[in-house]
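As structure tokens, the structure follows; a few thoughts come after it.
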């Protein structure tokens, strides 16, 4: 069944091939595994970009295909990051504490070790107690499960309440944004149990491993590439066939779909939840490469960027979302990272770190007005021309 | 013949306006029924109530052999019970092909996971071909529904209704905007459909109703004014007054 699906969806195969070639290219050029042309920090940037592509295709499915403009998917991304971050931080602090106490004449009790870890982690927010949500932080399998389960449950409960009340369109977008804002504001508090605005840090270090950053970075890059490939196949499967037909029908006229006998709310809930879970996975791969996560990452603006990427890349086609996320996020770090030369107009100097957002906003407006299909729409011209070619 | 649908004592008020007033009506299976009435008589609201779009203030809508109450059910559950509806304005999914439109309507399990793992079957494909032939859209199967003419969209929608294989078909002004030839084709389709199931046609056009040659219910101000053959109801002085002005 899987085979026939992949064979009938050639664009999926093309995408997987491109992704494999890209991964191979980066591996050959990276410091740890190859020529060393690509710096470790750039490998991390590329790995993070792959994670952003993963959440972008999730956004494309929920918005481009199902018509739900969610401004909350970066919250799920952040929750995934926090879930893995808790384990990374706990396990690493545990190693350090045990290492430093092992020189003592009297061996430390487990209570002493736990206190010492608590002080290390929560000292910045004036506490040394482990909050309840850290109960499973010692266990990698449980925190990995949380990466998927917590965003999934949140999306399920939130979606159930929202869809059941038939909240749609811009009102639903506002509701998802409110959820994101509430979560971010809660996490900013010191007693949220997740170190307030300090967030979780030191996530780039892998506990119990003495591999250098150059090796770790390429491994995370590989993991991100695999996750993106699997995510792409998963979503291509969801949007193909009858499911895709029903989802697109819901986007275009949900009342009519109800009269065909489909329980529209269940379908929306399915799409919302599955994309939230994938967003959680994307976040869990992103933040170990970023090294730090704090509540500002979850702020509504991040989810708006996500919508902008998908719109610029082209809604309603998965590779469009990938193109949009790659293009805009890399361009964004080039402009805001000082890569772009400032333009001196004589009377005024355009400093890109300030003006990039203006440029992005303008291009968003222009793309929406002039090229509603986004960059991905360019591929239509190619195929149309090819079809016309032999006849003309 | 037993009653398939029994509407009794239904009333609904919108902001103080009584759209439906103590309406009672019953349909057998199979049966073809035309519902006529002037603008604002409550014809569309009547359909909205049966299909679950509008909840009435009082009354019952009982369905099938077990006389199940439809009023507490969602639109999609009512549709799965076997009630299909065709809207006045053709509403098909314009961004998808004729084939996809029909496939979506085809009677199958409707749960998200059933649909996710649904794979095309030979019977399904044959059924779609048959339906397309019945509504005269065989040539158009691979085309996008948005490219169809107005009449073709109407037929596609009728085809989608037949694909659902409903026990009761509600059809709102099917002949609107059709050429005489298209109307004739539509009449044939409805008469044929009514041989095996219940069909309720809401219509303005008396000529069209005459061609359906069936029992007629006249609605006025939200309740039944007269019922019987077309000749019978058009001879009714009250009906004449309502239609020809006061």
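With contacts taken as Cα pairs under 8 Å and at least 6 residues apart, region B:3-244 reaches a relative contact order of 29 percent. Axis angle, to the nearest 10 degrees, between helix A:10-29 and the longest C-alpha principal axis of chain A: 40 degrees. Residue by residue along B:103-112, Cβ atoms of other protein chains within 10 Å of the local Cβ number 5 on average.
Projecting label points 7 angstrom from Cα along Cα→Cβ for residue A:296 and residue A:37 puts them 3.5 nm apart. When the helices of the protein assembly as shown are scored as -39500 (n - 2.57) per DSSP H run of n ≥ 4 and the total is divided over every residue, the value at 222 nm lands at -18000 deg cm²/dmol.
Of B:204, B:232, B:150, the residue with the greatest mean-square motion in the GNM of chain B, using alpha carbon springs below 10 Å, is B:232.
Over region B:3-244, all Cα pairs binned in 10 Å intervals from 0 give whole-percent P(r) values of 7, 31, 35, 21, 6, 1, listed from short to long. Once both labels are positioned 7 Å from their Cα atoms along Cα-to-Cβ, the gap between residue A:363 and residue B:181 label points is 5.4 nm.
In whole percents, the pair-distance distribution calculated for the protein assembly as shown from its alpha-carbon pairs, binned every 20 Å from zero, is 16, 40, 28, 14, 2, 0. With each label modelled as a point 7 angstrom along the Cα→C-beta vector, the residue A:102-residue A:253 pair spans 7.0 nm. Fewest neighbouring Cβ atoms within 10 Å first, the residues A:18, A:51 line up as A:18, A:51. A Förster radius of 51 Å combined with the Cβ-Cβ distance from residue B:139 to residue A:304 puts the calculated FRET efficiency at roughly 0.65. Taken residue by residue and averaged, Cβ atoms of other chains lying within 10 Å of the Cβ of A:251-259 number 6.
Considering only A:200, A:306, A:54, the Gaussian network model of chain A with Cα springs below 10 Å gives its largest mean-square fluctuation to A:200. The mean sequence separation of alpha-carbon pairs under 8 Å and at least six residues apart, normalised by the residue count of chain A, gives a relative contact order of 29 percent.
Before anything else, pin down the relative contact order of region A:133-252: Cα pairs under 8 Å, at least 6 apart, normalised by residue count, whole percent.
After rounding, I find 10 percent.
From the alpha carbon centroid of region A:69-143 to that of region B:169-239 is 73 Å. Between residue B:205 and residue A:153, the FRET efficiency from the beta-carbon distance, with R0 = 60 Å, is close to 0.65.
I need the shape label for region A:137-296. Rule: rounded when a/c is under 1.5, else prolate if a/b > b/c, else oblate, with a, b, c from the alpha carbon gyration tensor.
Oblate.
Relative to the longest principal axis of chain A, what angle (0 to 90°, nearest 10) does the C-alpha long axis of helix A:300-313 take? Around 40 degrees separate the two axes. If R0 equals 30 Å, the separation of the Cβ atoms of residue B:188 and residue B:17 corresponds to a calculated FRET efficiency of about 0.20.
The angle separating the long axis of helix A:110-122 from the principal Cα axis of greatest extent in chain A is about 50 degrees. Taking a ≥ b ≥ c as the square roots of the eigenvalues of the Cα gyration tensor of region B:1-69, is the shape rounded (a/c under 1.5), prolate (a/b larger than b/c) or oblate? Oblate, because a/c is 1.5 or more while a/b does not exceed b/c.
The ranking of B:53, B:109 from fewest to most other beta carbons within 10 Å of each one's beta carbon is B:109, B:53. Of A:229, A:337, A:280, the residue with the greatest mean-square motion in the GNM of chain A, using alpha carbon springs below 10 Å, is A:337. Inter-part distance, region A:209-226 to region B:46-123, computed on C-alpha centroids, equals 51 Å. Ordering A:381, A:262, A:232 from the fewest to the most neighbouring beta carbons within 10 Å gives A:381, A:232, A:262. Remark: mean inter-chain Cβ contacts per residue of A:238-246 equal 6, using a 10 Å Cβ-Cβ cutoff to other protein chain atoms. Looking at region B:3-244, the DSSP beta bridges with both ends there are about 55 percent antiparallel.
Read the figures in this text as sums done on the coordinates, not as results from a lab. Just so it is clear, the structure is predicted and the values come from calculations on it, not from any experiment. Virtual Cβ from ideal backbone geometry, glycine too; neighbours counted across all protein chains shown.
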